[in-house]
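Bear in mind these aren't lab numbers, they're just calculated from the coordinates by the rules spelled out. Everything numeric in this text was worked out from a predicted model, so none of it was measured. So basically every Cβ, Gly included, is an ideal-geometry build from the backbone, and we count neighbours across all protein chains shown.
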Amino acid sequence: MNSFYCLLGLFFLFGFGRAETYTGYIVDNFCWEKEDHIAIDGADLLNKPGQHTVACMTKEEVCRESGFALLEKNSAGTYDRKFKFNDEGNKEILMQLDHTRAINNFMATVTGSVDSSTEPPTFNLASIVQTSVAGSEVSWTGFLVDNLCWEMPGHVAIDGAKLLTNPETHTVGCMLLPNCLASGFVVMGNTAISSSSEAYAPKFVLDDKGNALAASLLAETKYTNNYMVTVTGVPDNSNPPKIATSVLSEVDTDDVVGPGPAPQPDSDYAPGLTTGQTVGICIAGAFGFLIIATILGLAKAAMS
């Protein structure tokens, strides 16, 4: 019996390996193995793996399918691939990446056993916990949208733009309407799993400084729609996160698409109303005018 337990202990020790815990940056193998370890999104994984975006790891099929690795800082101050994960580990990491609010700086504490017979070693994942990088500044590029229009029924803006699928058609003139300006702004992100589809939602809510910068940019821009910005700052833990903006800059977009010239803030375009409601008001006004004209005509005829 004692021999049995000795053999059982040796089986677990050499067959499964002892449990080990590591903390580091998570990156996909495809990007790590690119020339000079420069990822598809331009992140320098050898020196600054925190720049690697979650979008790169999840939206690009080659990244999703390549599996993931944990990076560890070496004595030279650069990063090495400590190990890659087994198939079950890759599935668990991908699930966490698909549901995280992080934009980049994706770090995790992992527990499991290391199989050193492969190159690089394979980590048989038992558990993973995302590690927060407190106070980390992030940057995000996306379409700028005002809160009023985003919160309209069906996320259809005052100017008719379908913000859920086509935020690029949202006009600058619409965002400059007084009610839209006063509502503040969000920077959008594509939440679709596949990079070939579009499904947008607010990625960051701008703070007061960000809203003031956005208003200033919109007032001076040459664009009429397809309006994108890059925001840099520190996000909080709300959902969606509010970002303490340090920099907000306009993105040069080559192709301006959408419904054409936008209504200006001093136009008669009714703020706070949908396109259908505005048309309805116009039709009702026209009928009212015809009724009044008819009454006046009958009155005149009766007097003559």
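Given that compact globular proteins tend to follow 2.2 N^0.38 Å, what is the ratio of the alpha-carbon Rg of the stretch 18-131 to that value?
0.96
Considering amide H positions built from the backbone, and no H for Pro or chain starts, which residues 5 or more places from residue 113, or on another chain, come under 5 Å of its amide H?
Under 5 Å from the amide H of residue 113: 20, 124, 126.
Can you check what the net charge comes to around residue 216, using other residues whose Cβ is under 12 Å from the Cβ of residue 216 (Lys, Arg +1; Asp, Glu -1)?
Within the 12 Å Cβ shell, the charges total -1.
Assuming R0 = 22 Å, can you tell me the calculated FRET efficiency for the pair residue 34 and residue 98, based on Cβ-Cβ distance, to the nearest 0.05?
Efficiency, rounded to the nearest 0.05: 0.50.
Between beta-carbons, use under 10 Å as the cut-off and find the net charge around residue 113, counting Lys and Arg +1, Asp and Glu -1.
-1
Using a Förster distance of 45 Å, how high is the FRET efficiency between residue 162 and residue 46, based on the Cβ-Cβ distance and rounded to 0.05?
Working from the Cβ atoms, E equals 0.60.
For the stretch 79-100 and the stretch 147-193, write down the distance between their C-alpha centroids in whole Å.
If we compute the Cα centre of each part, the gap is 35 Å.
Say each of residue 232 and residue 179 gets a label point 7 Å from the Cα, pointing the same way as Cα to Cβ; how far apart are those two points in nm?
For residue 232 paired with residue 179, the spin-label model returns 3.7 nm.
Pop a pseudo-label 7 angstrom from the Cα along the beta-carbon direction at both residue 73 and residue 137 and give the gap in nm to one decimal.
Here the modelled spin labels are 1.8 nm apart.
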